[in-house]
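Here is the structure we will look at.
Please treat every number below as a calculation from the coordinates, not as lab data. All of these numbers come straight from a predicted model, not from anything done at the bench. With ideal geometry, Cβ positions are generated from the backbone for all residues, glycine too; neighbour counts draw on all protein chains shown.
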Amino acid sequence: MNFFENFFKIKENNSTIQTEIVAGVTTFFSMAYIVLVAPNQLTGFSAEHQAVWNAVYVASILVAVIGTLLMAFYAKMPFAQACGMGLLSVFSVCFMLPQIVSGGDVEAGYQAGLVIVFLSGILFLILSVTGVREYIARAIPDSIKKAMAAGIGLFIAFIGFQNVGIIQDNPYTLTQFVDIHGAIISESGIAAAMPAILALLGFFLIAILEKRRIKGGVMIGIVAITVLYYICLGTVPNLEMGQVGQSFRDFKEIGFLAILNPEAWKNAFSVEYVGGLINGIIYVFVFCLVNMFDTVGTLYGVASQADMLDENGDPINLGKAMTCDSLATVASGILGTSTASSYVEASAGVAAGGRTGLTALVTALCFAACLFLAPLASIVPACATAPALIYVGVLMLGNIRSVDFSDLESAVPAFLTMIMMPLSYSIANGIGIGCISYVLIRIGTGKFEKKDFIVTMIALLFVLKFVTISM
């Protein structure tokens, strides 16, 4: 205990070992949903791709462990990392779902995406260690950074609504709310709408539990809806323990070190899997930029809540925390999952008193235990994890409240960034249109300055993308 006391300087940070342990467990329960959501999201909630599901399951846990341990021992901060929800959606939409829908090679699309993640991580690391990342972060308009997080939240929620049929296709209005009446009078009966109903119930349950400050509200909601799902179906889930070994085998054969496969590099910049060389390059930059601003926002938000800001208003050990994030992203590509990112749910641990890296260490150990729970995790249906997506969307949308909507220079780029993500089904499009609008407004009002150079370069990159690539 003395080692932890001295290494993490617990007393100096006005905390105790007991408090740090409780905070670490609290952080874990607040973000443990990612263990189930990551493989479900990347495989399109389809049981037909169990091997990829297993590989992503193991890889996502290992990335959470590695990234959070880096935060614990290098940055010594109470932050936690796991697969970022926003880029998880991008990975799924860009590399996995097209193959699933078209009946293409899902594993090839998955491995092509891992190459993009790996390269974005390398770029991310270079930007972090050279300090360029902090310079770029300060150059992007504040309204766009806040809107990015909010837009990703809307996008995530929209995907959650779609995955369980809460939002359905409509030939006249494009989308509609689940047709419960239509399901009741159909041959299959109410069972056809049951996933959507259970998902809505799960979302309301999570909201109530979190409002009442009950720890682990998200996981409680997932477990409760899973039980209800099997009761409603009248079936018993399969808990074959042999799946633990199979998960590790699939991880080794499909995900781990897939970036060493020459074919994966070819596919990462091919027309068939990413739309061509230019598109592949843009994906690398998009993954890097989105992760950058998501992480910056999270670090500032959590550090502010913990009162861990320096005299300039920046998080303590900001540079080290950013380096941890970039290293975890590189690990994501190597191990076989989507981009790692710092999690805003770490604020739950901070609220519980966490102030040091010991909080992150405890969180990492909790994630490590999940490696051997694959049989339990795989029985959780989409209607049980979709509420977590929707709930995270609510949390991320809160970032928009600090945008000054009385000033059109802030309001228009923020609005376009946020709304275009779900409407165009692309996070990248939202960012690009937001940056383009900002630059045009600055030029049109005669306020363009040298500080706008970086955002102008980003805007031009997206103009090139829109003109040359169909997405």
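For the range 1-40, the Kirkwood hydrodynamic radius comes to 11.7 Å, computed from all pairs of different C-alpha atoms.
From most to least packed by mean Cβ count within 10 Å, the peptides 104-115, 71-82 give 71-82, 104-115.
Database remark: amide H of A340 closer than 5 angstrom to the amide H of G84, T329, S332 (H placed geometrically; neighbours at sequence offset of 5 or more, or on other chains; Pro and chain starts carry no H). I'd like to know which of A80, T295, N2 lies farthest towards the positive end of the charge dipole of the range 2-468, counting +1 on Cβ of Lys and Arg and -1 on Cβ of Asp and Glu. Positive-end residue among those listed: N2.
If you take the Cα Rg of the range 1-122 and divide it by 2.2 N^0.38 Å, with N the number of residues, what do you get?
1.32
Candidate membrane-span-like segments in the chain, meaning DSSP H helices with Cα atoms spread over at least 27 Å of their own axis and a Kyte-Doolittle mean of 0.0 or above, are 50-70, 106-130, 142-163, 277-305, with no membrane implied.
This model, with +1 at the C-beta of Lys and Arg and -1 at the C-beta of Asp and Glu, gives the range 2-468 a dipole about its Cα centre of some 660 debye.
The alpha carbons of the range 316-471 give a radius of gyration and a Dmax of 20.0, 61 Å, in that order.
Normalised by residue count, the range 142-267 yields a Cα convex hull volume of 257 Å³ per residue. The fraction of all Cα pairs in the range 60-168 landing in successive 10 Å bins from 0 to the largest distance is 12, 29, 41, 16, 2, given as whole percents.
Between amide H atoms placed 1.01 Å from N, distances below 5 Å from A80 occur with Y343, A346, all of them 5 or more places distant or on a separate chain. Placing unit charges on the Cβ atoms of the charged side chains and taking the dipole of the range 2-468 about its Cα centre, the candidate lying farthest along the positive direction among N163, L114, T445 is T445.
Could you list T16, T43, T175, T339 in order of exposure, starting from the residue whose Cβ has the fewest other Cβ atoms within 10 Å?
T175, T16, T43, T339
For the peptides 414-422, 362-370, the ranking by mean Cβ contacts within 10 Å, running from highest to lowest, is 414-422, 362-370.
Taking one equal scatterer on every alpha-carbon of the chain, how large is log10 of I(q)/I(0) by Debye at q = 0.06, 0.08 1/Å? Values, matching the q order: -0.25, -0.45. Each part gets one Cα centre, and for the range 79-111 versus the range 171-191 those centres are 29 Å apart. The peptide list 286-292, 223-229, put in order of mean Cβ contacts within 10 Å with the highest first, becomes 286-292, 223-229.
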